[in-house]
Amino acid sequence: MADLIVLPALSSLTDGVYTADTIVWRISSPAKPLRCTLAQALTGSRRPVVLLHPQDARIAQIKLPRLPAEKLARAAALALEEQILTDPQELVLATAERDNTFIKLSFTDRQVLAQLKSTLTQLGYLQTPVGAAAAALKENAVWLEGEQACVFRAEDCVVLPKQALALLTGQLSECTVYGSELENNAALGLPEDWIIKPGLPPFTFPSMLFIDSKTRQAARRLWRAPAILAVLCAISWVGGLGLWWQVLKLQSHQMQAAIAQEFAKVLPGTPILDPVLQLQRATQGGGQLSPFERVMTAADKAAASLPAQTVLAADYSGEKLTLKLAKEKLSPAVKTEFETAARNAHLRISWLSAESVAVSIAEEAS
């Protein structure tokens with residue numbers, strides 16, 4: 001969990017600059033805020049987040065269409081120009097998530113942020129996140145600090161003299177007033193149903209953080225090397241996967257060649273149908289060949305007498321093999337030679353058409 005460091009208003013400082021000795025609020029636990037110097041707060045924090053005072057960093061809500069991230073900041077600055085008197089070029093903006101057509105943003109003076117960053121750099125905390133205290137409160141509230149009143153609302157945050165607080169009571173139906181030195185409601189001119197609590201408002205991690213160009217570039221440089229390394233790892237993984245697949249493919253071809261070579265030694269001239277089962281039967285005496293294996297083996301021997309590419313298709317059914325032959329290659333001499341080879345292979349042959357013949361094992365060979 002982050003520790004919040006709430007800065008005082010820059011106008012309240014003697015020299016008008018943040019230093020290591022600037023007195024701040026450090027919030028490690030909402031119930032126990034601590035007053036200490038900025039240097040002490042940074043050193044004693046686990047993950048410090050610095051919050052600019054509402055007088056130095058404000059929030060606003062503007063209406064903008066959906067735009068790419070690189071155009072959103074520029075459009076927000078132009079839209080904000082209508083609400084403030086400062087040149088948008090002198091501001092640093094941070095945007096939050098969109099709520100329908102409205103987008104919430106916080107802004108601060110560029111010089112204020114630069115001076116704070118300079119002090120953080122001197123203290124060794126350049127990368128410390130900086131946000132607006134106005135964006136770190138999720139409820140309607142008033143923070144009384146000295147003679148000033150910081151009024152937090154959902155759409156904005158204003159700082160005004162404590163005596164003028166009664167002018168805003170009609171705009172806040174329910175509100176909680178926080179402060180170290182509090183008077184009663186009547187003395188402050190506040191409604192009776194407003195709640196007064198001693199201490200700081202319940203600040204939380206801000207919804208928006210200020211990131212200047214140098215910090216953004218540093219973050220990009222920080223992530224550049226891991227991103228390149230991730231891409232190289234992905235390329236290496238894909239390349240290794242392809243190489244592994246090639247190795248498996250080569251091993252598969254080598255295994256198939258070894259099986260065919262061993263099969264030819266044990267069963268020369270026999271077509272490979274189920275090499276594992278066929279080799280088991282041949283080497284272990286696993287019984288007679290199946291009818292399918294017998295007719296396929298005999299048909300393979302008989303078909304050796306035919307010209308190349310004569311057999312176009314084969315279909316086995318009911319212990320009978322039907323062969324579809326190329327009609328243009330079936331001359332009378334070829335047919336006679338095939339019939340002779342089939343009888344020598346102990347096959348019964350039956351011509352179904354001019355280009356179709358059925359063969360089965362002859363009874364005397366069974």
Near pairs, Cβ below 7 angstrom, 6+ apart or cross-chain, from segment 31-53 (among the basic types (Lys, Arg)) to any residue that is open to solvent by less than 30 Å² (accessible area, probe 1.4 Å)
ARG46/ASP3; ARG47/ALA2; ARG47/ASP3
The listed residue being in a strand (DSSP E or B) and either open to solvent by 60 Å² or more (accessible area, probe 1.4 Å) or polar (S, T, N, Q) (or both), out of THR108, THR119, THR128:
THR108
In segment 37-59, anything buried (at least 16 other Cβ atoms within 10 Å of the Cβ), more than 17 Å from PHE152 (Cβ to Cβ) and at pLDDT 85 or above is listed as LEU38, ALA39, GLN40, ALA41, LEU42, PRO48, VAL49, VAL50
Please specify each residue of segment 1-22 satisfying the condition of being open to solvent by 20 Å² or more (accessible area, probe 1.4 Å), more than 20 Å from VAL159 (Cα to Cα) and modelled with pLDDT of 90 or more.
THR19, ALA20, ASP21
Give the residue that is farthest from ARG98 (Cα to Cα), with candidates limited to residues of segment 161-179 that are surrounded by fewer than 15 Cβ atoms within 10 Å (Cβ to Cβ) and at pLDDT 75 or above.
GLN163
Any residue in segment 256-270 that is in a helix (DSSP H, G or I), at pLDDT 70 or above and in contact with a helix residue (DSSP H, G or I) (Cβ under 6 Å, 6 or more places away or on another chain)?
yes
Taking the conditions exactly as written (over 13 Å from HIS53 (Cα atoms) and of a type outside the set (S, T, N, Q)), does LEU34 satisfy them or not?
yes
Could you grab the pairs with beta carbons closer than 7 Å, sequence gap of 6+ or different chains, first residue in segment 148-171 and closer than 18 Å to LEU51 by Cα, second one surrounded by 12 or more Cβ atoms within 10 Å (Cβ to Cβ) and among the small types (Gly, Ala, Ser)?
PHE152/ALA134; PHE152/ALA141; ASP156/ALA60; CYS157/ALA134
Per the filter on segment 180-216, residues at pLDDT below 75, closer than 27 Å to THR95 by Cβ and touching a Lys or Arg at 6+ places or on another chain (Cβ under 9 Å) are ASP212, LYS214, THR215
Quick one: count up the residues across segment 321-341 that are more than 60 Å from the chain's Cα centre (by Cα) and either under 13 Å from MET296 (Cβ atoms) or among the acidic types (Asp, Glu) (or both).
3
Which condition number in (1) open to solvent by 20 Å² or more (accessible area, probe 1.4 Å); (2) within 25 Å of VAL158 (Cα to Cα); (3) among the small types (Gly, Ala, Ser); (4) in contact with a helix residue (DSSP H, G or I) (Cβ under 9 Å, 6 or more places away or on another chain) is the one that ALA75 fails?
(4)
Residues being assigned to a helix (DSSP H, G or I) and among the small types (Gly, Ala, Ser): count how many of those fall in segment 293-326.
4
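Take segment 33-85 and flag every residue that is assigned to a loop (DSSP other than H, G, I, E, B), of a type outside the set (Asp, Glu) and farther than 27 Å from LEU144 by Cβ.
Hits for segment 33-85 are ARG46, ARG47, LEU64, PRO65, ARG66, LEU67, PRO68.
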Please go through segment 309-337 and pick out each residue that is among the hydrophobic types (A, V, I, L, M, F, W, C), open to solvent by less than 80 Å² (accessible area, probe 1.4 Å) and under 22 Å from ILE272 (Cα atoms).
VAL311, ALA313, ALA314, LEU321, LEU323, LEU325
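Taking the condition of being part of a helix (DSSP H, G or I) and either of a type in the set (Asp, Glu) or out of contact with any Asp or Glu (no Cβ under 8 Å at 6 or more places or on another chain) (or both), how many residues in segment 135-162 meet it?
Looking only at segment 135-162, we keep the residues that are part of a helix (DSSP H, G or I), and these are 135, 162.
Then drop every residue that is not either of a type in the set (Asp, Glu) or out of contact with any Asp or Glu (no Cβ under 8 Å at 6 or more places or on another chain) (or both), which leaves 135.
Matching residues across segment 135-162 total 1.
The values are calculated or read from the model by the stated rules, or taken from the named source; none is laboratory data. Not measured: the values here are computed from a predicted model. Methodologically, a virtual Cβ is constructed for each residue, glycine included, from the backbone with ideal geometry; neighbour enumeration extends over all protein chains shown. Keep in mind that these areas ignore ligands, DNA and RNA; they rest on the heavy atoms of the full protein, side chains included. Shrake-Rupley method; radii C 1.70, N 1.55, O 1.52, S 1.80 Å.
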